[in-house]
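**Q** Below you'll find the structure I mean.
The values are calculated or read from the model by the stated rules, or taken from the named source; none is laboratory data. Since the model is a prediction, treat every value here as computed from it, not as a measurement. For neighbour counting, all protein chains shown are included, and Cβ atoms are generated from backbone atoms with ideal geometry for every residue, glycine included. Each accessible area value is taken on the protein alone, full model and side chains, heavy atoms only, with ligands, DNA and RNA left out. Shrake-Rupley method; radii C 1.70, N 1.55, O 1.52, S 1.80 Å.
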Amino acid sequence: EIRNADLYAGQPYIVTALAEHGTLETELAATNGLGLDVDQVITWIRQASMGVARAHDKSLVHNDIKPANLFLTANKECLVGDFGLASRVPPLPLVGVARGATPETAAPEVRAGWATGVPPAAFTTDVYSLGATAYWLLAAQPPVNLAGITGIPARMAAAATQTTPGLRDVAPHVPAPVA
């Protein structure tokens, strides 16, 4: 729930309800590397997709969809939060500039654009991040391996050159239609 939105010292801000029931990152950590239940992940990603679609309807791109930014209600429903890196998308050509992103779930064009200083922010980049997040939740590992790489530019560059393993190669329990 958005409770307020305004500008302070020229910076926009949003006040939302406090998320007190954890995130999908905490749910994933509790599996000890096994990944989350397929049906539960489908439900949560479907709910997150509806939240992201509402943001897109307002011409906002989240830019940082990942397990840590998907929050749970007391009823275990998924809510999209932390719009701190959101970008406004202009009417045409429907591409803005990403103010930030998480390399593990950033779309390939965002990763590649990081080196030029103009990573795109588009509705499609959020859709990719939702899929990358689903992969992470099911496989209990991010789609790219950035272990030991520090700094956002280096992590983006490394992620831009990696190929994501097939989901069933790392999580054979996931049914083929889901993968």
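**Q** Looking at Thr124 and the list (1) over 11 Å from the mean Cα position of the chain (by Cα); (2) polar (S, T, N, Q); (3) part of a loop (DSSP other than H, G, I, E, B); (4) at pLDDT 90 or above, which single condition is not satisfied?
**A** With (1) over 11 Å from the mean Cα position of the chain (by Cα); (2) polar (S, T, N, Q); (3) part of a loop (DSSP other than H, G, I, E, B); (4) at pLDDT 90 or above applied to Thr124, the lone miss is (3).
**Q** Given the conditions (1) open to solvent by 60 Å² or more (accessible area, probe 1.4 Å); (2) over 21 Å from Phe83 (Cα atoms), and given that Leu146 satisfies all but one, which numbered condition is not satisfied?
**A** Of everything listed in (1) open to solvent by 60 Å² or more (accessible area, probe 1.4 Å); (2) over 21 Å from Phe83 (Cα atoms), Leu146 misses just condition (1).
For (1) basic (Lys, Arg); (2) out of contact with any strand residue (DSSP E or B) (no Cβ under 8 Å at 6 or more places or on another chain); (3) open to solvent by less than 10 Å² (accessible area, probe 1.4 Å), each residue gets a yes or a no:
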position	(1), (2), (3)
Ile45	no, no, no
Ala48	no, no, yes
His62	no, no, yes
Ala68	no, no, no
Phe71	no, no, no
Glu77	no, yes, no
Thr102	no, yes, no
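**Q** Now for a different question. Scan the range 128-159 residue by residue and report those that are among the hydrophobic types (A, V, I, L, M, F, W, C), within 28 Å of Gln47 (Cα to Cα) and assigned to a helix (DSSP H, G or I).
**A** Leu130, Ala132, Ala134, Trp136, Leu137, Leu138, Ala139, Met156, Ala159, listed by residue number.
**Q** Looking at Arg155, is it basic (Lys, Arg), surrounded by fewer than 22 Cβ atoms within 10 Å (Cβ to Cβ) and either at pLDDT below 95 or in contact with a Ser or Thr (Cβ under 7 Å, 6 or more places away or on another chain) (or both)?
**A** Yes; evaluated as a whole, the condition is true for this residue.
**Q** While we're here: Please pick out the residue among Leu130, Leu138, Leu167 that is closer than 13 Å to Asp64 by Cα and either at pLDDT 95 or above or among the aromatic types (Phe, Trp, Tyr) (or both).
**A** Leu130
**Q** Still on this model: Tell me the strands (runs of 3 or more DSSP E) entirely within the range 1-120 that contain at least 3 residues that are free of Cβ contacts under 8 Å to residues at least 60 places away in the same chain and not hydroxyl-bearing (Ser, Thr, Tyr).
**A** 2-8, 11-16
**Q** Let me ask something else about it. So Leu7 fits all but one of (1) surrounded by fewer than 17 Cβ atoms within 10 Å (Cβ to Cβ); (2) in contact with a helix residue (DSSP H, G or I) (Cβ under 9 Å, 6 or more places away or on another chain); (3) more than 30 Å from His173 (Cα to Cα); what number is the exception?
**A** If we test Leu7 against (1) surrounded by fewer than 17 Cβ atoms within 10 Å (Cβ to Cβ); (2) in contact with a helix residue (DSSP H, G or I) (Cβ under 9 Å, 6 or more places away or on another chain); (3) more than 30 Å from His173 (Cα to Cα), just (2) comes out false.
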